[in-house]
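*Asks:* Got a structure for you, questions after.
The values are calculated or read from the model by the stated rules, or taken from the named source; none is laboratory data. In this text, all values refer to a predicted model and were calculated from it rather than measured experimentally. Cβ sites come from the backbone with ideal geometry, for glycine too, and all protein chains shown count toward neighbours.
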Amino acid sequence: MSQVELKSVTKRFKTKTLGLVTAVQNFNLTIREGECFSFLGPSGCGKTTTLRMIAGFEDLSDGEIWLGETPVSVKAKNLYVLPENRGLGMVFQAFAVWPHLSVFENVAFPLQVRSESRSEIEKKVKEALRQTNLSGLEWVYPSDLSGGQQQRIALARAIVTSPRVLLLDEPLSNLDPKLREIMRFEIKELQRKYNFTIIYVTHDQAEAMALSDRMLVMDMGVIMQVDTPQNMYNNPINQFVFGFLGLSNFLTVEWADGKVYPVGKKDNPLDCAIPAGFPERRAVMALRPNEIELVTEGGLRTAIKQRIFLGDFIEYRVQVGETELRIQSIRDQGFRVGDNCGLKFSRIKWYSAKKDKSDEERERRKII
Ligand code: ADP
Ligand code: MG
């Protein structure tokens, strides 16, 4: 059974300065039961809006949302199930805990709303606090706790009702990196124990990759790609996805007379075959910094502009035409600033150099 299904979901907002903004456009997605699924994309791409529509806090402009066999939002029929009747748990980005209530009272709240018995509430809150490592802090107020502990309260409150689906909107983004990693692991553990379906919203690719069974990358309200983290990393469908999933270099090249070279630099060709499928004789090469090799002889000629020692590896910066490339090397080959060098590319992904609709929309939203 699919747990969460979005069918042609669209959300438009009327804004003062930008006119009509399509925050989410024709979203089709099926999230399976027990799956940890991430929405990954830059700020403003429509992640929160999508999650709020699933939760029932936001109306749809078009389309349908189903939870299992039950339709919960159907625009055409004006069908709409209230958030509290959708059986979901939700944690938001900001610490959404009530400062005037103790830890226990914060977590007990959703159960009190449902008028559960005192003994049931005691039992369930205790268990939720145990699962989120908050046992012993029942009567402390949130302001006396750390950011990590406050976010654990929100998590405990979201799981106390044993929801089938947990919606998490950037729940770790206010925490320091070390704590974020610990909490990531704890969320994964919770999921293993309870077998929730999790929808996890983040703009942090490492977080999405670490947590997800599958994920999607979106941009300007449009799903770009849906896949497992590994497949997506190895085969990004376009330049945007490539750039979002790790450190990246993009070099626009063109070709003539059997040679591929950086735009306008015919006298400095690359060691590579002409890629197929680009009749315009121009394309973008996408390269990870650790997949570029520095050589003394041959290769694409350039010089070392910067050398940064980073412990596990050395990062070099070189200039090729208008483009600065980052190279990361785990071996110290002794290159110093100013040295001439060549570049060899072990793995190249090729993308169209043409602008697409998302680029245009990004420009439009940036203009004002
Ligand atoms: P994300 O969570 O990915 O950062 P959002 O879903 O919050 O993105 O926003 C997507 C787009 O919708 C943005 O352009 C944002 O400005 C717009 N938007 C979101 N909520 C509203 C609203 N209530 N009114 C007008 N525009 C909104
Ligand atoms: Mg958001």
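*Asks:* Of a type in the set (Lys, Arg), in contact with a Lys or Arg (Cβ under 7 Å, 6 or more places away or on another chain), in a strand (DSSP E or B) and touching a residue at least 60 places away in the same chain (Cβ under 8 Å): does that describe ARG326?
*Replies:* yes
*Asks:* Keeping to the stretch 170-209, report how many residues are away from ligand 1 (no atom under 16 Å from the Cβ) and under 19 Å from ASN231 (Cα atoms).
*Replies:* 2
*Asks:* Scan the stretch 254-280 for residues that are surrounded by fewer than 15 Cβ atoms within 10 Å (Cβ to Cβ) and not charged (D, E, K, R) and report the count.
*Replies:* Total satisfying the criteria: 8.
*Asks:* Would you check if GLU293 is in contact with a Lys or Arg (Cβ under 7 Å, 6 or more places away or on another chain), closer than 30 Å to SER43 by Cβ and charged (D, E, K, R)?
*Replies:* Against the criterion (in contact with a Lys or Arg (Cβ under 7 Å, 6 or more places away or on another chain), closer than 30 Å to SER43 by Cβ and charged (D, E, K, R)), GLU293 does not qualify.
*Asks:* Can I ask one more? If you take the residues of the stretch 32-51 that are away from ligand 1 (no atom under 12 Å from the Cβ) and either surrounded by 22 or more Cβ atoms within 10 Å (Cβ to Cβ) or not assigned by TED's automatic domain parsing to the domain that holds VAL201 (or both), which of them is nearest to HIS203 (Cα to Cα)?
*Replies:* SER38
*Asks:* Taking the condition in a strand (DSSP E or B), more than 16 Å from ligand 2 (Cβ to nearest atom) and touching a strand residue (DSSP E or B) at 6+ places or on another chain (Cβ under 8 Å), does ARG317 pass?
*Replies:* When the stated conditions are applied, ARG317 passes them.
*Asks:* What are the pairs, 6+ residues apart or on separate chains, where a residue within the stretch 117-133 that is in a helix (DSSP H, G or I) has its Cβ under 8 Å from a residue that is basic (Lys, Arg)?
*Replies:* ALA128/ARG157; GLN131/LYS193
*Asks:* Please tell me if SER212 is within 16 Å of ligand 1 (Cβ to nearest atom) and closer than 30 Å to ARG362 by Cα.
*Replies:* For SER212, the condition - within 16 Å of ligand 1 (Cβ to nearest atom) and closer than 30 Å to ARG362 by Cα - is not met.
*Asks:* Checking THR323 against (1) farther than 17 Å from TRP255 by Cβ; (2) surrounded by 12 or more Cβ atoms within 10 Å (Cβ to Cβ), which test does it fail?
*Replies:* Result: THR323 fails condition (1) only.
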